[in-house]
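The values are calculated or read from the model by the stated rules, or taken from the named source; none is laboratory data. Since the model is a prediction, treat every value here as computed from it, not as a measurement. Positions of Cβ are generated from backbone atoms using ideal geometry, with glycine treated the same way; all protein chains shown enter the neighbour counts. The accessibility values were calculated without ligands, DNA or RNA, using every heavy atom of the protein model including side chains. Shrake-Rupley method; radii C 1.70, N 1.55, O 1.52, S 1.80 Å.
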Amino acid sequence: MKKVLSLSLALLVLFSCFGAMAEKQESFPETVEFSYLTQMWEPFSAENNLVSEYEKAMNVKMDVEWAPVDNYSTRVLTSLAGDLPDAIMLRNVSDVATLVDQGAVVPLTDLLNEYCPNLMRFISEEDLAYLYNVGDGEIYVIPAVTDIPNINTWTVRQDWLDNLGMEMPTDWEGWKNLLRAFRDQDANGNGDPKDEIPYAGELWPFLYSYGIFASSTNNGISASTTDSLFCVDENGNYTLIFEHGKYRDYLTEMVEMYKEGLIDPEFATREETEKRKVMNSNSCGLAFTQAEQVQLSTDSLRSGGVESATWVGIAPVPGPDGVQALFARSKFGFYTVLTTGAEEKGKVIDILKFFNWMYSDEGIMLNNYGVEGVTYNMVDGKPVMLDNVRESFNTYRGCGMNFQPISSLWTVDAYVQVLTNGTPYEELPETRKLFYDAFYLNDPYFVTSAPILQTEAYIENANTLLAEAAQLQAQCIAGLITIDEFYSRYESLKASGLQDVIDQGTAAYAQMMNE
């Protein structure tokens, strides 16, 4: 712990966040080869990306395995039994725990400052809590950096409200009544009053309506079952959400809403990709998703014949006590770790130098705008993307930019160019305005979610006791066990080691706040 805090103080002296000048990273005099295991998902492509440009700029040869998203964690674990790739991309920082426990990854704490200063200029003292492993005070990750908090939003089918002659609710009971109307009154107008899902997706966003600001990783979408289990409680203590004073109220309400058929019967398994399919299928009325999805789903429904379909972003659903909040997008995500295989081959420093280039001005320009004359032109000294590139985030990423399978930095300017397609707001197409409005409306409601502190107890129990606690929560909400049974079994998990997770996290957070 002290080791990391000392590093953070050094970083504050050497690199004022977002203020330090980039260092020039020269290309290698001889070709450097390294292997990289990462996952591939739409709209990214193993064919249409900028890897060849990286290789040319730095004189590297990247042997990349593009593994499918499905069962990616299993693929990572199987790599431990064979020839370790030199670098592995992990979607969530919490996934690092298993690799640390297996002794498969190299601590980078003492190396980042020297060999990757271009990355470190974007990391502040407060950021470090989201990167280091509390158990041994080391940093193991090279994170992707996206300092754009406005990404997620609650969203509702405005045309369904119109179909039912209802106004936008302003309080918790009003929202429950609207969900009941979605359930009972054929809100989608197809003649079948039983095919609507009032709320679709995971339930942890409702925690924020109860003032339980749960932990999140990456962008909070498609989080693993244990990613949203930590919080800072009403007394300022870092702990599990189950210990929060409002948790039992939240659990009780989720149980009742599930029993009433107001929330997704597949809440425990319907992650973002499947939720978007439901949003596009004219069968759900309320969802928590990314702001862009209001445009994508509206366009999809309209092109499929639902001409009046309109998803709109809304302020967070207020809880019973009127709390309205949602988490700001995590600054970091899609973490690259370097393995002991790279260390044995003497490649760690060279790979860090490669990533130092990725976070240099040259690397940032390439990752955000692509190749001059191909995807952007310089206009009055500034990069301006071509219209067909910034038409949508899918077209932008389809050209290889913001290539999340490999850690890099995404700038606000590039994001806004795609968001607006370079067009003044009043001239934006109707559905792009829906996206724009959803993107900006939540500024007053953002809160910082709790970090996931990788204590020794966390590393030991992340995939066992914590996963069991998450499963118990899901079973309780689904009515498979009672609330009292949930708490009884939860207390047994605490006695089996979960209390150590709580105690070590509480102590580490308190020390971090006092230093």
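Please determine whether any residue of the range 342-350 is under 27 Å from Thr98 (Cβ atoms) and buried (at least 23 other Cβ atoms within 10 Å of the Cβ).
Pass one, the range 342-350, residues under 27 Å from Thr98 (Cβ atoms): 342-350.
Imposing the further condition that a residue be buried (at least 23 other Cβ atoms within 10 Å of the Cβ) reduces the set to 342.
Looking for residues that are under 27 Å from Thr98 (Cβ atoms) and buried (at least 23 other Cβ atoms within 10 Å of the Cβ), one finds at least one in the range 342-350, hence yes.
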Need the failing condition index for Asp413 against (1) in contact (Cβ under 8 Å) with a residue 60 or more places away in the chain; (2) not in a loop (DSSP other than H, G, I, E, B), just the number.
(1)
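Taking the options Asn190, Asn150, name whichever one is at pLDDT below 95, more than 24 Å from the chain's Cα centre (by Cα) and not charged (D, E, K, R). Lay out the reasoning, then the answer.
On the way: Asn150 fails: more than 24 Å from the chain's Cα centre (by Cα).
Just one listed residue meets the conditions, Asn190.
Any chance you could count how many residues in the range 42-79 are assigned to a loop (DSSP other than H, G, I, E, B), open to solvent by less than 50 Å² (accessible area, probe 1.4 Å) and within 23 Å of Phe354 (Cβ to Cβ)?
6
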Could you check how many residues of the range 312-359 are outside any loop (DSSP other than H, G, I, E, B) and more than 23 Å from Gly285 (Cβ to Cβ)?
24
Any pair with Cβ under 9 angstrom, 6 or more apart, that starts in the range 176-200 at a residue that is in contact (Cβ under 8 Å) with a residue 40 or more places away in the chain and ends at one that is among the hydroxyl-bearing types (Ser, Thr, Tyr) and buried (at least 18 other Cβ atoms within 10 Å of the Cβ)
Leu179/Tyr199; Phe182/Tyr199
May I ask you to say which residue of Glu430, Glu485, Glu460 is of a type outside the set (A, V, I, L, M, F, W, C), surrounded by fewer than 19 Cβ atoms within 10 Å (Cβ to Cβ) and in contact with a Cys (Cβ under 9 Å, 6 or more places away or on another chain)?
Glu485
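Out of all the residues in the range 91-105, which are open to solvent by 20 Å² or more (accessible area, probe 1.4 Å) and among the hydroxyl-bearing types (Ser, Thr, Tyr)? Give the steps one after another, and end with the answer.
Quick first cut of the range 91-105, residues open to solvent by 20 Å² or more (accessible area, probe 1.4 Å) only: 91, 95, 98, 100-103.
The answer is Thr98, and nothing else.
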Identify the residue in the range 488-511 that is under 28 Å from the mean Cα position of the chain (by Cα) and farther than 13 Å from Leu240 by Cβ and, among all such residues, is surrounded by the most Cβ atoms within 10 Å (Cβ to Cβ).
Ala508
Lys275 vs (1) farther than 30 Å from Ala129 by Cβ; (2) of a type outside the set (Val, Ile, Thr); (3) in a helix (DSSP H, G or I); (4) at pLDDT below 95: all pass except (1)
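Of the residues that sit in the range 57-97 and are under 22 Å from the mean Cα position of the chain (by Cα) and among the β-branched types (Val, Ile, Thr), which one is modelled with the lowest pLDDT? Full working, then the answer.
Residues of the range 57-97 under 22 Å from the mean Cα position of the chain (by Cα): 66-77, 87-97.
Those left that are additionally among the β-branched types (Val, Ile, Thr): 69, 74, 76, 88, 93, 96.
Values: Val69: 86, Thr74: 87, Val76: 91, Ile88: 97, Val93: 69, Val96: 84.
Result: Val93.
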For Leu301, indicate whether it is open to solvent by less than 10 Å² (accessible area, probe 1.4 Å), in contact (Cβ under 8 Å) with a residue 60 or more places away in the chain and either out of contact with any Leu (no Cβ under 8 Å at 6 or more places or on another chain) or in a loop (DSSP other than H, G, I, E, B) (or both).
no
Among the listed residues Thr252, Thr226, which satisfies the condition of being of a type in the set (Val, Ile, Thr) and either part of a helix (DSSP H, G or I) or surrounded by fewer than 18 Cβ atoms within 10 Å (Cβ to Cβ) (or both)?
Thr252
Out of the range 375-397, which residues are assigned to a loop (DSSP other than H, G, I, E, B) and surrounded by fewer than 19 Cβ atoms within 10 Å (Cβ to Cβ)?
Asp380, Gly381, Leu386, Asp387, Asn388, Glu391
Could you list all residues from the range 255-296 that are crowded, with 21+ Cβ neighbours inside 10 Å, small (Gly, Ala, Ser) and under 26 Å from Ala450 (Cβ atoms)?
Ala287, Ala291
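Only one residue in Gly479, Gly400 is touching a residue at least 40 places away in the same chain (Cβ under 8 Å), farther than 30 Å from Gly236 by Cβ, assigned to a loop (DSSP other than H, G, I, E, B) and in contact with a Leu (Cβ under 6 Å, 6 or more places away or on another chain), so which one is that? Give the steps one after another, and end with the answer.
Details: Gly479 fails: in contact with a Leu (Cβ under 6 Å, 6 or more places away or on another chain).
The unique qualifying residue is Gly400.
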Examine the range 196-209 for a residue that is open to solvent by 10 Å² or more (accessible area, probe 1.4 Å) and farther than 19 Å from Arg276 by Cβ, and state whether such a residue exists.
no
Which of the residues belonging to the range 129-138 are touching a Lys or Arg at 6+ places or on another chain (Cβ under 8 Å) and crowded, with 18+ Cβ neighbours inside 10 Å?
Tyr130, Glu138
Those residues that are under 30 Å from Leu326 (Cα atoms), open to solvent by 10 Å² or more (accessible area, probe 1.4 Å) and either of a type in the set (D, E, K, R) or in contact with a Ser or Thr (Cβ under 9 Å, 6 or more places away or on another chain) (or both), I need them from the range 106-128; list them, please.
Arg121, Ser124, Glu125, Glu126, Asp127
In contact with a Leu (Cβ under 7 Å, 6 or more places away or on another chain), more than 30 Å from Pro117 (Cα to Cα) and either free of Cβ contacts under 8 Å to residues at least 60 places away in the same chain or among the aromatic types (Phe, Trp, Tyr) (or both) - does that describe any residue in the range 440-450?
yes
Members of the range 448-457 that are among the acidic types (Asp, Glu) and open to solvent by less than 20 Å² (accessible area, probe 1.4 Å):
none
Scan the range 80-90 for residues that are in contact with a strand residue (DSSP E or B) (Cβ under 6 Å, 6 or more places away or on another chain) and either open to solvent by less than 10 Å² (accessible area, probe 1.4 Å) or not aliphatic (A, V, I, L, M) (or both) and report the count.
6
